[in-house]
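Bear in mind these aren't lab numbers, they're just calculated from the coordinates by the rules spelled out. Computed from a predicted structure; not experimentally measured. When we count neighbours, we look across all protein chains shown, and the Cβ atoms used for this are built from the backbone with ideal geometry, even at glycine.
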Amino acid sequence: MEQYIEKTKELLMDYAPKVVTALAILLVGLFLIKIVVKGVKKVMQKQNVDITLQKFLGDLLGWALKALLFVTVISKLGVATTSFAAIIGAAGLAIGLALQGSLSNFAGGTLIMIFKPFKTGDLIEAQGVTGVVKEIQIFTTHVNTPDNKLAIIPNGALSNGNIINYTKEGKLRIDLTFGVSYDADIKQTKEILMEVLTSNDKVLSDPAPTVNVSELADSSVNFAVRPWVDVAHYWDVYFETTENVKIALDKAGIEIPYPHAVEIQKKE
């Protein structure tokens, strides 16, 4: 019993300083990591770095520093870091093989953060989804569709596919086509269509809207109507122009052809 007590005292004398030192390093390290991460985030805020990128890089830096601190604390307790590193490497390989898809999404998220093909608030079209980017996370990107559905797109597929960013250039062109009767006067029709565009305050004057004859179809003369708008006004101008063109053409007595044969069959 006396021998066990002596050995316990020896162990305490040997390891107590190591444990105290390790705890001190752990507490001071966590405190310093918190300060460093907060400082880096403040620097990124001053540099007007995207909010999503700030959070992503801040979290990544925090976890990396904590992993380094953990290894340091373990080494102070007398654990061999070489064997510990080998265990971590083997575990990392196993986890990597099991989470190939997640790692691909992580890499895709990193590429999106670095190259910034879009940012939060942009209107994009990708992976068969069109909508406004709500949030860019490490593994997925959240997009709100026009009918207010939330689409969650994996970053791996998103970064490797085609992305159309409607917001990037700041302006969009609306492509509309209206057909009128062959009896209609082309010059008068163009003036009416242009008046509809220029009377709408949401239609931009630079670039200027255009109205041109695009096709001589079987039963109509088709006009390509091309107004330019801010991204936020796209659908407003689209629907307003369609409605106002119909009203203006009716008022001028210009016919919009429709399939009469179908109407006759319905009556019969």
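Using θ = phi - 60° in the Karplus curve 6.51 cos²θ - 1.76 cosθ + 1.60, the 3J(HN,Hα) couplings for the stretch 174-187 round to 9, 9, 10, 10, 10, x, 10, 5, 5, 6, 6, 7, 4, 4 Hz; x is entered for Gly and Pro. If the limit is 21 Å between Cα atoms, which of LYS116/LYS168; LYS119/LYS149; LYS41/LYS116; LYS55/LYS171; LYS55/LYS134 go over it? Beyond 21 Å: LYS55/LYS171.
Between GLU191 and ASP230, the modelled labels are 3.2 nm apart [label points 7 Å from Cα along Cα→Cβ]. Listed by chain and number, the lysines placed with their C-alpha closer than 22 angstrom to that of LYS246 are LYS187, LYS190, LYS202; residues fewer than eight positions away on the same chain are left out. Contact order for the stretch 171-260, expressed relative to its length and based on alpha carbon pairs under 8 Å spaced 6+ residues apart, stands at 41 percent.
Computed from backbone phi, the HN-Hα couplings of the stretch 190-198 come to 4, 5, 5, 5, 5, 4, 4, 6, 5 Hz, rounded to whole numbers (Karplus: 6.51 cos²θ - 1.76 cosθ + 1.60, θ = phi - 60°; Gly and Pro given as x).
Taking 0.36 nm per residue of sequence separation and removing the Cα-Cα distance, the THR110/ASP147 pair yields an extension gain of 10.4 nm. Here the extension length gained between THR242 and LYS34 equals 69.2 nm, from 0.36 nm per residue of separation less the Cα-Cα distance.
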